[in-house]
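**Q** Have a look at this one before I ask anything.
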Amino acid sequence: MPPLFHLEYFDPPGELSEHVLALFHFAWDEVDIADRHPGALPQIVLFPYGSGEMQVDGRAEPITGEAHMLAGFETAAPFTFNGPWHAIGASLSPLGWAALARQPANEHLNRLLPADELVGPDVNAFAKKTNDLYRSNKLSGLEACKILADWIAPRFHPVSEEHAALIKQGLAWLSSSLNPDIEMLFAKTAYSRRQTERLVTRYFGFTPRALARKYRAVRAASLLAQPELTDEGEAEIAAAFYDQPHMIREIRRYCGYTPTRLGGPEEPLFQTMLRLKNLDRLEEFRTIG
């Protein structure tokens, strides 16, 4: 029997395109749910249904409130949920995280935090009201996503022009290939090598080298999870790793699977999330910088 989950992405309003990569509505209507989350991108998420826990960095993070935020995970995080489980969320760009959370991303890696710890107590009343409307069938998933976008829009605080430019340069560099040359990043920015390392770590959560390594594995896994891998995609993957054992080790490290198991039946949501529309949005940054 196929899993009873539904995951749909929606484009954010145009004025939020630099801050929000995608809005999403998720529903899994089973009682016992177990899978894993890639944790590649920051998110703010409302949970109208479901409670559980996520195993992150060797500890259990409880998931019991109406709204949570995450800055990202170093490796894919297993979770268990008491269903049904529904989520309404926004995947944030590094600029979006910085503008909304106003906290260094690297200080919040490997955590799933109650949203009020980062955006203030107003989120609790907003999340409860929105979730209540959804629970009473007065809001569809799309409508709830639009309400979430409207709520967060005025809460994006300014980021300095210099730092916003560095974030765009970092995104352009990261999306330039599966295995971007780190020297190209240092050559693009207006900062010293040491300052660039520090600022990329602050806004992206990882040092440039670690960031490139994680995204190489996640994006390669995303390509391998496609039903039909093109010749171009296969060539891009082959060029990004030293050899096949290296590719297998890296994907296992960051995704928890060997490539032969990607897309298998044991954890079907992970397969679906590897085809992240919000990761595809990174391609838009290739020409920026």
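**Q** For segment 1-133, take N as its residue count and report Rg(C-alpha) divided by 2.2 N^0.38 Å.
**A** With N residues counted in segment 1-133, Rg over 2.2 N^0.38 Å equals 1.01.
**Q** Can you list the HN-Hα couplings for segment 23-32, worked out from phi with the Karplus curve (6.51, -1.76, 1.60; θ = phi - 60°), rounded to whole Hz and with x for Gly and Pro?
**A** Working through the residues one at a time gives 9, 8, 10, 10, 8, 10, 9, 10, 7, 10 Hz.
**Q** Quick one: pull the percentage of alpha-carbon pairs in the chain with a separation above 27 Å.
**A** 38
**Q** If you line up the Cα atoms of segment 35-86 on their principal axes, what length do they span on each, largest first, in Å?
**A** 26, 19, 15
**Q** Using alpha-carbon pairs under 8 Å, 6+ residues apart, how would you state the relative contact order of segment 85-213 in percent? Please report the intermediate quantities before stating the final value.
**A** Working: 102 pairs, mean separation 44.2, N = 129.
Averaging sequence separation for qualifying contacts and normalising by length gives 34 percent for segment 85-213.
**Q** If I take every Cα pair under 8 Å that is 6 or more residues apart in segment 5-155, average their sequence separation and divide by the length, what percent do I get for the relative contact order? Each step should come with its number before you reach the end.
**A** Numbers: 329 pairs, mean separation 42.9, N = 151.
That works out to 28 percent.
**Q** At 0.36 nm per residue, and after removing the present C-alpha to C-alpha distance, how many nm does the segment from D29 to S177 gain when stretched out fully? Intermediate values should be presented prior to the final figure.
**A** Numbers: separation 148, 0.36 × 148 = 53.28 nm, distance 3.76 nm.
Stretched fully, the D29-S177 segment lengthens by 49.5 nm.
**Q** Per residue of the chain, what 222 nm ellipticity follows from adding -39500 (n - 2.57) for every DSSP H run with n ≥ 4, rounded to the nearest 500?
**A** -12500 deg cm²/dmol
**Q** Could you give the semi-axes, largest first, of the ellipsoid that matches segment 115-234, computed as the square roots of 5 times the alpha carbon gyration tensor eigenvalues and rounded to whole Å?
**A** For segment 115-234, the ellipsoid semi-axes come out as 35, 24, 11 Å.
**Q** Explain nothing, just the number: dipole magnitude of the chain about its Cα centre with +1 on each Lys and Arg Cβ and -1 on each Asp and Glu Cβ, in debye rounded to the nearest 20.
**A** With Lys and Arg at +1 and Asp and Glu at -1, about 720 debye.
**Q** Would you pull out the residues with amide H under 5 Å of E61's amide H, same chain only if 5 or more places away, H placed 1.01 Å from N?
**A** Amide H neighbours of E61, under 5 Å, 5+ apart: M54, Q55, V56.
**Q** At a threshold of 8 angstrom on Cα-Cα distance, excluding pairs fewer than six apart, so keeping six or more, what relative contact order does the chain reach in percent?
**A** Relative contact order of the chain: 20 percent.
**Q** Counting only pairs 8 or more places apart or on different chains, how many lysine pairs in the chain have C-alpha atoms closer than 24 Å?
**A** Counting lysine pairs in the chain gives 11.
Taken together, the values in this text are just the output of simple stated rules run on the coordinates, not laboratory data. Computed from a prediction, not measured in an experiment: that's the story for all the values here. Every residue, glycine among them, receives a Cβ derived from its backbone with ideal geometry; neighbour counts consider all protein chains shown.
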